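The block underneath contains the structure these notes are about, expressed in structure tokens.
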Amino acid sequence: QIEDCYGLTALQPEIYRRYCDTGNPLANVTQAVSIMEGPVDKSLLQAVWQALVARHKVLRTRFLLDADGEPVQVVCKHADFALTELDYSHLDEPAQQHALSQLQIKDRLTRYDLSKAPALRLYLVTLSPQTGRFAIVMSNHQIILDGWTSSLLSKDLIMCLISMASGKALPAMQHQPD
């Protein structure tokens, strides 16, 4: 079901065309890796990211061509988000680092289908269940998130994580331009 449909922003047409025309899966893909220690609640992490998808139109946006062949943004009322879980705990630390690097390469080489939402992938990688050491690898297409919008999403991620972990209602959304 469609919630909204509108044209691309000033920079998006070039990003879209470059990605579609070159066939280069590396074009306009950004990644971030965080290695952390402590307890991780996989169900909570999945629920928080699904809540973020529900809260942020950009995470429910897909890109299609209109009748004139021009790309448009189509915001879906709902989009499913799936956290990918991996376990590298059987590897020693140098092998884990190598495996994480290989995961990033494999992810970067996996094309985004911009006609589906979200253009975002998240991996939860167990490194040591005994110490609670894990990695989060986030990958997204730049057409939906740039540096500024990523910082807004990160801020909302932390606020939602704190709220949901403590059983509180999600904080109200701060006004963000579409």
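Worth pointing out:
- You will find that of Ile136, Ile143, Ile162, the residue that is of a type in the set (Val, Ile, Thr), in a strand (DSSP E or B) and either at negative phi or open to solvent by less than 30 Å² (accessible area, probe 1.4 Å) (or both) is Ile136 and no other.
- Residue within the range 71-89 that is among the small types (Gly, Ala, Ser), within 13 Å of the chain's Cα centre (by Cα) and modelled with pLDDT of 95 or more present: yes
- The range 120-133, residues that are of a type outside the set (Ser, Thr, Tyr), without any contact (Cβ under 8 Å) to a residue 60 or more places away in the chain and open to solvent by less than 40 Å² (accessible area, probe 1.4 Å): Val125
- Residue match in the range 94-108 (condition: in a loop (DSSP other than H, G, I, E, B) and surrounded by 12 or more Cβ atoms within 10 Å (Cβ to Cβ)): no
- Residues that are closer than 30 Å to Arg18 by Cβ and either over 11 Å from the mean Cα position of the chain (by Cα) or assigned to a strand (DSSP E or B) (or both), drawn from the range 113-124: Asp113, Leu114, Ser115, Lys116, Leu120, Arg121, Leu122, Tyr123
- Residue satisfying condition, being closer than 30 Å to Thr9 by Cα, open to solvent by 20 Å² or more (accessible area, probe 1.4 Å), in contact with a Cys (Cβ under 7 Å, 6 or more places away or on another chain) and not β-branched (Val, Ile, Thr), within set Ala117, Ala82, Ala67: Ala117
- Per-region count, the range 33-64, residues more than 21 Å from Leu124 (Cα to Cα) and either of a type in the set (Val, Ile, Thr) or open to solvent by 20 Å² or more (accessible area, probe 1.4 Å) (or both): 6
- Scanning the range 7-43 for residues that are of a type in the set (A, V, I, L, M) and assigned to a helix (DSSP H, G or I) yields one hit, Ile15.
- Look at the range 59-80: where a residue is without any contact (Cβ under 8 Å) to a residue 60 or more places away in the chain and a partner is open to solvent by 10 Å² or more (accessible area, probe 1.4 Å) and among the acidic types (Asp, Glu), sitting 6+ places away or on another chain with Cβ atoms under 8 Å, you get Arg60/Glu3.
The values are calculated or read from the model by the stated rules, or taken from the named source; none is laboratory data. What you see is a predicted model; the values in this text were computed from it and never measured. Reconstructed Cβ throughout: ideal geometry from the backbone, glycine too, with neighbour counts over all protein chains shown. For the accessible areas, the whole protein counts, side chains as well, though only heavy atoms, and no ligand, DNA or RNA atoms are used. Shrake-Rupley method; radii C 1.70, N 1.55, O 1.52, S 1.80 Å.
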